[in-house]
Each structure stands twice: as structure tokens, then as C-alpha cells.
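Some notes on the structure that comes next.
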Amino acid sequence: MTLNSKFHADLKKFSKKVEVKTENLVKSTARATYKVITHMAPVKTGSYVKSNRIGIGSIDPQVITIPEELALGENEAKSQAYIEQLPKIELFRLENKFISISNNIHYALKVEYGWPKHGKRGYAPYRMAYEVVKAGII
């Protein structure tokens, strides 16, 4: 084995380790972010919590609507959301470029920013998650 081919093999091995560590960092950050968002979310029927969607390489546009008569309790809504969404994170690879967390339910912006006509402040689950996760990384 020549010095050049050994260097190339070592560089390839190092590159793979960096890729794996980067993927793991992105996955753990996404998991933590999703958990904070879900934990901070208000629960009436469970629709908002279950509409927090994880997308790998693209945004998941699905909206989950749960009628009031079938409302999920807070713990049930949050545990179902974790069970349905968190496993998606394991599918992430660097070639996917990004993991998105979104909520397309019609009142998601009001949950985040508040109800101006009623003078209610928002719960800000996405902004809070950003601050919590950022503080943990820095």
C-alpha cells in the first residue's frame, strides 16, 4: 500500500465518521426540538399536537383534525404524536439535506403568536423550542 492510498483510505474513514456524527447531531436536535414543541403545545382535542409533522428532506403537509367529541387527553395526544412522528427522524441521512417540523392546522399561527382580537398571548411552542434547543447546543 502506497502512502497516497493509505492517506486516501484514512481520509475516507475520517469522512465517514464525520458524516455519522453529523447525522446523529441533526437527529438528536430534531428529536429534542419536536419534544419541546409537543410539550409546550396546548391541548384541547389533540388536533394541534398531532398536526406537528416531521418531514425528512421535504415538509409533511398533513393536517390532523380530531373532533371535540373524540378529543384526546393531553398525555394521549402527546404520546401518540411521539409514537407516530419521532421514528421518522431515524430515516434522515445527510443527502436529505434537512428535517422539517411544521404544523399546517388553520389556527397554528394563533397558537404560536396569540389571538390579537381577544388580547390573548400565544403559547409560542416553536419559538420556545428554538431557544431551548439552541441553549443546549451552544
Filter result (outside any helix (DSSP H, G or I), within 13 Å of the chain's Cα centre (by Cα) and surrounded by fewer than 18 Cβ atoms within 10 Å (Cβ to Cβ)) within the range 35-55: 55
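What residue, of 130, 113, 126, is of a type in the set (Phe, Trp, Tyr) and closer than 15 Å to residue 53 by Cβ? Step through it out loud before you land on a result.
Details: 130 fails: closer than 15 Å to residue 53 by Cβ; 113 fails: closer than 15 Å to residue 53 by Cβ.
One residue alone meets the criteria, 126.
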Before we move on, is residue 25 part of a helix (DSSP H, G or I), at pLDDT below 95 and not small (Gly, Ala, Ser)? yes
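Return the residue satisfying two criteria in turn: it lies in the range 71-113 and is in a loop (DSSP other than H, G, I, E, B) and small (Gly, Ala, Ser), and of such residues it is farthest from the chain's Cα centre (by Cα). Step through it out loud before you land on a result.
Kept after step one, since they are in a loop (DSSP other than H, G, I, E, B), are these residues of the range 71-113: 71-73, 90-93, 97-98, 104-107.
Checking the rest, the ones that are also small (Gly, Ala, Ser) come to 71, 73.
Details: 71: 23, 73: 21 Å.
Restricting to residues being in a loop (DSSP other than H, G, I, E, B) and small (Gly, Ala, Ser), the top hit is 71.
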Selected residue (criterion: modelled with the highest pLDDT) from residues of the range 114-138 that are out of contact with any strand residue (DSSP E or B) (no Cβ under 8 Å at 6 or more places or on another chain), loosely packed, with under 14 Cβ neighbours inside 10 Å and outside any helix (DSSP H, G or I): 115
Being in contact with a Ser or Thr (Cβ under 8 Å, 6 or more places away or on another chain), surrounded by 14 or more Cβ atoms within 10 Å (Cβ to Cβ) and either under 30 Å from residue 19 (Cα atoms) or not hydrophobic (A, V, I, L, M, F, W, C) (or both): is that true of residue 66 here? no
Taking the range 19-31 as the search range and keeping residues that are in contact (Cβ under 8 Å) with a residue 60 or more places away in the chain and within 11 Å of residue 89 (Cα to Cα), which one is nearest to the chain's Cα centre (by Cα)? 30
With the first residue restricted to the range 93-109 and required to be over 16 Å from residue 64 (Cα atoms) and touching a residue at least 60 places away in the same chain (Cβ under 8 Å), and the second required to be among the basic types (Lys, Arg) and in a helix (DSSP H, G or I), Cβ contacts under 9 Å at 6 or more apart or on different chains are 99/27; 99/88
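Among residues belonging to the range 25-39 that are touching a strand residue (DSSP E or B) at 6+ places or on another chain (Cβ under 7 Å) and hydroxyl-bearing (Ser, Thr, Tyr), point out the one that is nearest to residue 108 (Cα to Cα). Can you show your working first?
Step one: filter the range 25-39 for residues touching a strand residue (DSSP E or B) at 6+ places or on another chain (Cβ under 7 Å), giving 26, 30, 33-34, 37-38.
If we keep only those that are hydroxyl-bearing (Ser, Thr, Tyr) too, we end up with 33-34, 38.
Details: 33: 17, 34: 15, 38: 13 Å.
Filtering first and then ranking leaves 38.
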Here are the criteria: (1) surrounded by fewer than 16 Cβ atoms within 10 Å (Cβ to Cβ); (2) touching a helix residue (DSSP H, G or I) at 6+ places or on another chain (Cβ under 7 Å). Tell me which single one residue 59 does not satisfy. (2)
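The values are calculated or read from the model by the stated rules, or taken from the named source; none is laboratory data. In this text, all values refer to a predicted model and were calculated from it rather than measured experimentally. Every residue, glycine as well, gets a Cβ built from its backbone with ideal geometry; the counts of neighbours run over all protein chains shown.
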